[in-house]
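See below for the structure under consideration.
Values quoted throughout were computed directly from the atomic coordinates according to the rules given, and no laboratory measurement underlies them. These numbers were taken from a predicted model, which means no experiment stands behind them. Cβ placement follows ideal geometry from the backbone for every residue including glycine, while neighbour counts extend to all protein chains displayed.
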Amino acid sequence: MDNTIYKNRRNNLSKSLPVNSVLIIPGADLQYRNADSSFPFRQDSNFYYMSGFCEPSSLMVIVNNGDGINSMIFVPPKDKLKEIWDGYRAGPIGAVEDFLFDKAFDNTQIDLMLPDILHGTEQVLYPIGKKQGFDQKVIDWTTAAASKDRHSKSIGILDATSIIGNIRLIKDKHEIELIKKACDISAEAHITAMRSVKNGDSEQYIESMYIHEFSKKGARYPAYNPIIASGENACVLHYVENNQILSDSDLLLVDAGCEYEMYAADITRTFPINGKFTKEQLQVYEIVLEAMNAAIATVKEGNSIMEPQEVSEKVITEGLVKIGLLNGDPTELHKSGAYKEFYMHKIGHWLGLDVHDAGDYMEGDEFMKFKPGMITTIEPGIYISSSMNVDDKWKGIGVRIEDDILVTDEGNENLTKKVPSDPHEIESLMS
Ligand code: GLY
Ligand code: MN
Ligand code: MN
């Protein structure tokens with residue numbers, strides 16, 4: 001097990017941490033679904049990024065005293081009986097030997113040791129408001145540390161969310177490899193689904209096909225609850241009931257991506273259940289695809305992250321005017337936000353360890369500019385629910401197309417282009 005990559009990430013943190021400060025990152029706890037049946041454990045992404053360590057209820061402390069980083073980790077103690085039931089624990093010795101922390105302790109010592117560790121520091125940083133009950137713990141440790149010596153400087157508390165998030169925003173080589181693998185597995189699952197879907201299948205059956213395809217290639221879990229939305233269900237943006245029966249002339253919108261070695265893919269495709277788009281479905285689809293392609297073309301170094309957003313709004317507005325779903329001058333309609341009735345979400349989000357990944361969207365007062373190593377989704381859509389005041393022929397059409405785009409030195413790379421988005425390619429794949 002080579003965990004040098006995580007140690008290097010911790011060392012690199014010294015550039016972002018104030019001198020004489022302590023950064024605390026809590027790991028995730030095991031969550032229970034019902035009674036004593038737990039959900040599968042998923043480590044907190046910040047904690048994992050800086051440690052590679054996957055045992056619950058751990059805590060990391062990084063001390064920056066000006067000469068570099070001192071790293072400590074608190075981990076579940078070795079326990080013969082618990083290890084018989086639940087499996088191997090690294091314990092403090094394993095955490096130092098295998099995970100390359102400078103020091104490690106039993107997590108039973110956290111409350112006892114933290115006030116001593118914080119004593120004398122000027123600032124405590126941690127991700128504020130992210131873990132239930134943790135804010136109060138930090139306040140308690142800080143108060144206890146400050147009260148050890150009434151003549152010492154007070155200790156400030158700072159939010160570390162942006163500091164860690166903006167480091168995570170630029171993906172390194174190791175991360176890009178894993179995300180590419182997550183994207184490949186997910187793209188292949190979409191292709192399998194397109195090839196096999198048919199009238200009368202249930203949304204739940206389609207969901208099971210994705211989970212099966214992910215899992216058999218090493219991605220045991222989806223990165224988020226898959227959205228398997230047939231017909232009008234596609235107009236519910238986060239539809240996850242997935243319990244309806246597919247009907248022949250409807251579209252199926254599937255937003256599903258796997259998590260591979262902790263990294264997410266996020267893909268949406270919308271395809272006709274019977275393999276052939278109707279005229280109206282195709283008209284709407286082609287607008288979304290044009291918006292998608294125009295938006296992707298703007299994802300490159302130095303461009304504002306708002307460029308794909310604006311381009312997609314304009315293309316969608318023009319398209320809706322062309323097919324008669326909006327009336328008026330496209331420029332004015334864009335300005336007034338008329339498109340929002342049909343396209344009400346943003347174009348995308350950062351992608352990485354989390355599907356909605358860490359990292360700011362603003363830099364000071366300005367929107368962030370794309371830099372090589374960032375990965376963003378691009379996911380325009382048009383949703384026409386039956387409650388809208390439009391001609392019946394449009395009702396129940398919901399289309400979203402979503403790809404994962406890596407910013408490179410040369411421009412960008414579409415990591416999910418393996419699964420077709422061109423409607424004619426989709427039709428021929430399904431024939
Ligand atoms: N799958 C969630 C999203 O696209 O944001
Ligand atoms: Mn997304
Ligand atoms: Mn998605």
| What about Asp360, is it among the acidic types (Asp, Glu), surrounded by fewer than 22 Cβ atoms within 10 Å (Cβ to Cβ), more than 16 Å from ligand 3 (Cβ to nearest atom) and closer than 25 Å to Gly165 by Cα? | yes
| field | region 213-227, residues that are free of Cβ contacts under 8 Å to residues at least 60 places away in the same chain and within 15 Å of ligand 2 (Cβ to nearest atom) | value | Pro222, Asn225, Pro226, Ile227
| Between a first residue in region 320-336 that is over 23 Å from Asp392 (Cβ atoms) and a second residue that is acidic (Asp, Glu), which pairs have beta carbons less than 8 Å apart while being 6 or more apart in sequence or on different chains? | Pro330/Glu318; His334/Glu313
| task | Filter region 195-220 for residues that are assigned to a helix (DSSP H, G or I) and crowded, with 21+ Cβ neighbours inside 10 Å and give the result. | result | Glu203, Ile206, Glu207, Tyr210, Phe214
| remark: Flagged in region 165-185 as within 25 Å of Lys130 (Cα to Cα) and assigned to a helix (DSSP H, G or I), in numbering order, are Gly165, Asn166, Ile167, Arg168, Glu175, Ile179
| If we keep just the residues of region 363-392 that are closer than 25 Å to Lys417 by Cβ, crowded, with 18+ Cβ neighbours inside 10 Å and more than 16 Å from ligand 3 (Cβ to nearest atom), which is nearest to the chain's Cα centre (by Cα)? | Met374
| request: Say whether the condition of being exposed (fewer than 15 other Cβ atoms within 10 Å of the Cβ), more than 16 Å from ligand 3 (Cβ to nearest atom) and β-branched (Val, Ile, Thr) is met by at least one residue in region 236-248. | output: yes
| query | Among the strands (runs of 3 or more DSSP E) confined wholly to region 1-84, which include 1 or more residues that are more than 24 Å from Ala145 (Cα to Cα) and touching a Phe, Trp or Tyr at 6+ places or on another chain (Cβ under 9 Å)? | reply | 32-34
| said: Any residue in region 374-389 that is closer than 15 Å to Glu280 by Cβ sitting within a Cβ distance under 6 Å of a residue that is hydrophobic (A, V, I, L, M, F, W, C) and within 16 Å of ligand 1 (Cβ to nearest atom)? List the pairs, counting only those 6 or more apart or interchain. | reply: Ile382/Val288; Ile382/Val399; Tyr383/Cys235; Ser385/Cys235
